[in-house]
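> Got a structure here, written out as structure tokens. Questions coming.
The values are calculated or read from the model by the stated rules, or taken from the named source; none is laboratory data. What you see is a predicted model; the values in this text were computed from it and never measured. No Cβ is skipped: glycine too gets one built from the backbone with ideal geometry, and neighbour counts run over all protein chains shown.
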């Protein structure tokens with residue numbers, strides 16, 4: 001919670017400081033009124049409004065992060081959930097510039113006891129991050145791979161061919177409000193980590209081969225053969 005509070009303080013301090021600076025500048029300009037200064041005041045007021053909106057967005061993201069949603073866990077076909085998520089992701093026109101290649105585990109088809117909406121949220125975030133990482137690499141594919149790590153644990157990986165993540169960025173990548181995107185809020189991976197941990201799993205990343213990044217999460221799972229034995 002201390003880390004989260006520090007992130008909130010940092011994110012809120014930036015727009016609030018900007019609002020204060022623009023307000024003080026407007027006050028000085030009004031004290032020496034002229035037509036040119038009036039235009040500058042209007043521009044400063046516009047910036048104050050924009051920074052206030054930014055502060056509001058931080059609060060809204062925080063509400064989403066801490067809101068306790070009642071989870072609806074059920075038996076989920078992981079392969080089918082991945083396919084549905086890819087189809088949903090294609091609503092984003094940027095994704096149409098990149099082929100999404102599925103390499104799913106069909107041996108002992110994996111099943112999860114999970115909230116499908118939450119797992120889909122994690123997958124969507126990783127897919128969009130991968131596409132963002134390849135924004136300037138036209139035609140580069142995005143791979144989604146799944147494999148059994150053990151008899152009771154399945155791993156899903158999203159593999160991009162972007163520029164990768166440096167050590168300094170990697171050390172903070174799951175921190176709330178940390179982002180490398182100009183328009184990002186830095187909540188996607190933090191929320192994803194919370195969801196995966198709540199399902200008894202792990203989320204992690206590593207370098208791609210030969211370039212890019214591999215984001216993976218592992219979750220407890222059962223196979224078709226295990227279900228048959230239990231019956």
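> Answer yes or no: is there a residue in region 147-158 that is part of a loop (DSSP other than H, G, I, E, B) and either at pLDDT below 80 or surrounded by fewer than 18 Cβ atoms within 10 Å (Cβ to Cβ) (or both). Working first, answer last.
Here is the first cut: in region 147-158, the residues part of a loop (DSSP other than H, G, I, E, B) are 151-152.
Subsequent filtering for residues that are either at pLDDT below 80 or surrounded by fewer than 18 Cβ atoms within 10 Å (Cβ to Cβ) (or both) retains 151-152.
Checked region 147-158: at least one residue is part of a loop (DSSP other than H, G, I, E, B) and either at pLDDT below 80 or surrounded by fewer than 18 Cβ atoms within 10 Å (Cβ to Cβ) (or both).
> In region 109-119, which residues are surrounded by fewer than 19 Cβ atoms within 10 Å (Cβ to Cβ) and part of a helix (DSSP H, G or I)?
117, the sole residue that qualifies.
> When residues of region 200-212 are filtered for being crowded, with 18+ Cβ neighbours inside 10 Å and modelled with pLDDT of 95 or more, how many remain? Lay out the reasoning, then the answer.
Narrowing region 200-212 to residues crowded, with 18+ Cβ neighbours inside 10 Å: 201, 203, 205, 208, 212.
Imposing the further condition that a residue be modelled with pLDDT of 95 or more reduces the set to 201, 203.
Of the residues in region 200-212, 2 are crowded, with 18+ Cβ neighbours inside 10 Å and modelled with pLDDT of 95 or more.
> Could I ask something else about it? If we scan region 100-108, do we find a residue that is in a loop (DSSP other than H, G, I, E, B), modelled with pLDDT under 90 and touching a helix residue (DSSP H, G or I) at 6+ places or on another chain (Cβ under 6 Å)? Steps first, please.
Narrowing region 100-108 to residues in a loop (DSSP other than H, G, I, E, B): 104-108.
So of that shortlist, the ones also modelled with pLDDT under 90 come out as 106-108.
Subset that is touching a helix residue (DSSP H, G or I) at 6+ places or on another chain (Cβ under 6 Å): 108.
There is at least one residue in region 100-108 that is in a loop (DSSP other than H, G, I, E, B), modelled with pLDDT under 90 and touching a helix residue (DSSP H, G or I) at 6+ places or on another chain (Cβ under 6 Å).
> Additional query: Criterion first (more than 19 Å from residue 122 (Cβ to Cβ), modelled with pLDDT of 70 or more and surrounded by 14 or more Cβ atoms within 10 Å (Cβ to Cβ)) does residue 79 satisfy it?
Numbers: more than 19 Å from residue 122 (Cβ to Cβ): no; modelled with pLDDT of 70 or more: yes; surrounded by 14 or more Cβ atoms within 10 Å (Cβ to Cβ): yes.
When the stated conditions are applied, residue 79 does not pass them.
> Identify all residues within region 96-135 that are under 23 Å from residue 200 (Cβ atoms) and without any contact (Cβ under 8 Å) to a residue 40 or more places away in the chain; write none if there are none.
If the condition is that a residue be under 23 Å from residue 200 (Cβ atoms) and without any contact (Cβ under 8 Å) to a residue 40 or more places away in the chain, then 120, 124 are the ones that fit.
So that you can scan it fast, the table gives a plain yes or no per residue for (1) in contact with a helix residue (DSSP H, G or I) (Cβ under 6 Å, 6 or more places away or on another chain); (2) closer than 16 Å to residue 195 by Cβ:
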position: 90; (1), (2): no, no
position: 125; (1), (2): yes, yes
position: 129; (1), (2): no, yes
position: 134; (1), (2): no, no
position: 147; (1), (2): no, no
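> Counting only residues that are more than 12 Å from residue 144 (Cα to Cα) and outside any helix (DSSP H, G or I), which one in region 82-99 is modelled with the highest pLDDT?
Taking region 82-99 first, the residues more than 12 Å from residue 144 (Cα to Cα) are 84, 87-98.
Next, from what is left, pick out any that are outside any helix (DSSP H, G or I): 90-92, 98.
Numbers: 90: 80, 91: 73, 92: 71, 98: 88.
Among residues in region 82-99 that are more than 12 Å from residue 144 (Cα to Cα) and outside any helix (DSSP H, G or I), the one modelled with the highest pLDDT is 98.
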